[in-house]
Every structure is written in C-alpha cells, then in structure tokens.
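Engineer: Okay, here's the structure, questions in a sec.
The values are calculated or read from the model by the stated rules, or taken from the named source; none is laboratory data. Please read all numbers here as calculations on a predicted model, not as lab measurements. Positions of Cβ are backbone-derived with ideal geometry, glycine not excepted, and every protein chain shown enters the neighbour counts.
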C-alpha cells in the first residue's frame, strides 16, 4: 500500500537540505500545452527554477518564447497539435502524442536534464523523458481530475455529495466513467507500444507516480487521502507584464468583468454584466481581452471598458471578479482576496464553479442565467454575504504565505536530486 497524506497535509514544508547552498545547479526540461491556462503555470515554475540558478529548458508554443527567454530559460518551440482532431487537422490525440514524443526526444537528450516536468495535457515531453531514462513529474494546472469515490464525474458541474445516499447515487456513474478511463488507458498503451515503452496497468497513466503537483488551492480539493507522490502546492501564478489601467473614479466597490479569452465568442457575459450593473452602487472595470465584440457596446456611466488589463495589478483592488471560471482567472482572483462570481460556459469551467461554490469563496451563476438580472443579483449576493467575503479573504491569506511556484520548485529539485 502506498503511503498516504491526509488532505490537511497537502502543503508540507520541505526540510532544508544540509549544505543546499553548495549543491550544483540542475538541468531541467519543462513542457506545457500552449493555451494560457497551461503555459502560464509552467512559466511560473520555470521562472522560479531559473531564479535559483538552474539551467531550464522550456518547450511550449512559439508565442511564449520571449517570456521564457526573458525569465532565463532556453526555449524549444513545441509542435502545435490540437487537443481534439478537426476536419482540417484529423490527427487523433494519441497519434499526436507519438509524433510529439519523437519530436521532443532529441531536445530532451540534448538538454541532458536531471528531471522532466510535463503539463497534464503534454505527454510528449513526459514520454520523451521516460525514453531517455529521466525522472518525470506531472504538473496539473487545475484541480485534480481524479475524484474520490462517490463523487460526480469530473466537469459534470455538481458539488460533492453531502450524504451517504448522495455518494451511492453518484456511484452509479462510476462504471461508465471507468469505461472511458479504460479506453484512454488502451489508447495510451498503444502510443507507448509505438514508442517502444511497456504498457501501464492503471488508468490516468499520464500522471507521474514519481511526482504529481496540483497547482490549485487545497481549499478547492474535496477531502481525500493523497498518495505520497501527489502534492497540492497552490496556484502557480504568472501573466505577461502589462501597464496599470485605472478603474472608474470613486469609492464604491470595484467589480471586474474578466471574460474568457477562448470561450463565449459573442461576449454574452460581458454584455450582460455591463447592462446588469448599470446604476448599481459599484464601479465596473471590464475588458474584452482583445477579442472582437462584433459591434458597439453600451458602457454605463459607472463602468470603463478596456482591451486588456493586468490581473495581478488590478484584482487586489477588486471586491468582486465576474468571470467564466477558467481556473487561472478564478485562483488569481481568490489569491487577491476578491469574491468570484463564476459563470461556466465550457470545458472544466463547470467543475471549477462547483469547487468555488463548495469552498464558499464565491457565487455560482449558471450559464442559463447569464443575463443582466442574473449578473446583478449574483454580484449583490457576492457583496452582501459576509461568509463569502470572509472565505475569499482566508484563501488570500493562505496564498500570501504559500507560494505555489516556489513550493513546486522545491519538489522538482528534490525529485531531480533523488536520481
């Protein structure tokens, strides 16, 4: 039986290594999928490792080259395969994995790393590291996708059940979920066979059992026993630098409208928020995140609409952040002490909204209620409910003394030095 760690022990301080200041620098290879929700946490980790004097090679999409190099990392442009096949790019996911692993292996060999860290969606570097005989770690840049028994399926959008009856009811879905996971295991083993690697007899085979780091708040994870190789390190926060943006003048609470950069192409949430908060006793700062709004938007007198903002600079001044609950936006807001109004639209956003609601640090707004009235009522609740604002403050206080990137860097160093 593996050693387990209780849920409240997920953030453990590593004892200083005697003579650590005299240890030679490490060579490390990091690989991440290029979407911001995956590239940014790995940039945070790579930057922390580079600051410690290690030789870091970072493989991701070309668009992030200048930021990786500015942080002191060597950069490798990753092949940009889609996660899901399309008519224009019919490559199946595990065919892309095989191609990516073969593409990445020479770069791993050239870097001669002491360890490889791969994003959960980026199996190419992980398999290349395994082929080269290098210890491999996984970075999950969101809540862990493997849930305790009796939980709703991941991304279903339902909260963890409160009773034994609820756990039994959700347990009825487990055979269906397991069939999907077994299908994934077969596909992964097929890819491993094509690369000359042996099969795995477990599901979630893309997650390392040497070191698996979960880049989320422990307070967003359902209670469970974690295997010894899994650590909930806290959010790994990074963003491109950007100038200050002034909010509307006044002293009223500041509400930030921070829509997804990938979903809601018609800007339904942005439009609903601007209309719904018109005349409310708040100041509104909204961004369209450099995505076309498709026509003029009416901006009320208590609001300002801009093309882009720095979340790191702006969110600490906010009372409420209204967003689609992408994990990076949600945890940045919570780390800043802002209450979150989460309106999920696609992907794992429903899971994030469920965790937000379960944690008590925000208000969940179902997509069908993404209307002016829905946003208005949700923001009023987020401002008026003391337990919600208090819980958001508790998460911010935790984040101030628990740096996710630094904690992850400690663990990567430990893995790399373990041989």
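Engineer: Exactly one condition in (1) at pLDDT below 95; (2) not in a loop (DSSP other than H, G, I, E, B) is not met by residue 149; state its number.
Structural biologist: (2)
Engineer: At pLDDT 95 or above and more than 19 Å from residue 333 (Cβ to Cβ): does that describe residue 252?
Structural biologist: For residue 252, the condition - at pLDDT 95 or above and more than 19 Å from residue 333 (Cβ to Cβ) - is not met.
Engineer: Taking only the range 1-32 into account, find how many residues are surrounded by fewer than 22 Cβ atoms within 10 Å (Cβ to Cβ) and either part of a helix (DSSP H, G or I) or modelled with pLDDT of 95 or more (or both).
Structural biologist: Summing the residues that are surrounded by fewer than 22 Cβ atoms within 10 Å (Cβ to Cβ) and either part of a helix (DSSP H, G or I) or modelled with pLDDT of 95 or more (or both) in the range 1-32 gives 9.
Engineer: Just the residues that are surrounded by fewer than 16 Cβ atoms within 10 Å (Cβ to Cβ), out of contact with any helix residue (DSSP H, G or I) (no Cβ under 8 Å at 6 or more places or on another chain) and closer than 24 Å to residue 141 by Cα, please, taken from the range 227-264.
Structural biologist: Of everything in the range 227-264, those that are surrounded by fewer than 16 Cβ atoms within 10 Å (Cβ to Cβ), out of contact with any helix residue (DSSP H, G or I) (no Cβ under 8 Å at 6 or more places or on another chain) and closer than 24 Å to residue 141 by Cα turn out to be 227, 228, 241.
Engineer: Also, I was wondering about something else. Would you confirm, using the coordinates I've provided, whether residue 316 is at pLDDT 95 or above and either in the same structural domain as residue 272 (by TED's automatic domain parsing) or in contact with a strand residue (DSSP E or B) (Cβ under 6 Å, 6 or more places away or on another chain) (or both)?
Structural biologist: It is true that residue 316 is at pLDDT 95 or above and either in the same structural domain as residue 272 (by TED's automatic domain parsing) or in contact with a strand residue (DSSP E or B) (Cβ under 6 Å, 6 or more places away or on another chain) (or both).
Engineer: Here is a further query. Considering only the range 361-369, I want to know if a residue exists there that is under 25 Å from residue 223 (Cβ atoms), over 18 Å from the mean Cα position of the chain (by Cα) and surrounded by fewer than 16 Cβ atoms within 10 Å (Cβ to Cβ). Working first, answer last.
Structural biologist: Keep residues of the range 361-369 that are under 25 Å from residue 223 (Cβ atoms), which gives 361-364.
If we keep only those that are over 18 Å from the mean Cα position of the chain (by Cα) too, we end up with 363-364.
Right, trim to surrounded by fewer than 16 Cβ atoms within 10 Å (Cβ to Cβ) and you get none.
No, there is no match, as no residue in the range 361-369 is under 25 Å from residue 223 (Cβ atoms), over 18 Å from the mean Cα position of the chain (by Cα) and surrounded by fewer than 16 Cβ atoms within 10 Å (Cβ to Cβ).
Engineer: Are any residues in the range 71-122 within 23 Å of residue 196 (Cα to Cα), under 21 Å from the mean Cα position of the chain (by Cα) and at pLDDT 95 or above, and if so, which ones?
Structural biologist: Hits for the range 71-122 are 116, 117, 118, 119, 120.
Engineer: Those residues that are in a helix (DSSP H, G or I), loosely packed, with under 12 Cβ neighbours inside 10 Å and touching a residue at least 12 places away in the same chain (Cβ under 8 Å), I need them from the range 179-218; list them, please.
Structural biologist: Of everything in the range 179-218, just one residue is in a helix (DSSP H, G or I), loosely packed, with under 12 Cβ neighbours inside 10 Å and touching a residue at least 12 places away in the same chain (Cβ under 8 Å), namely 182.
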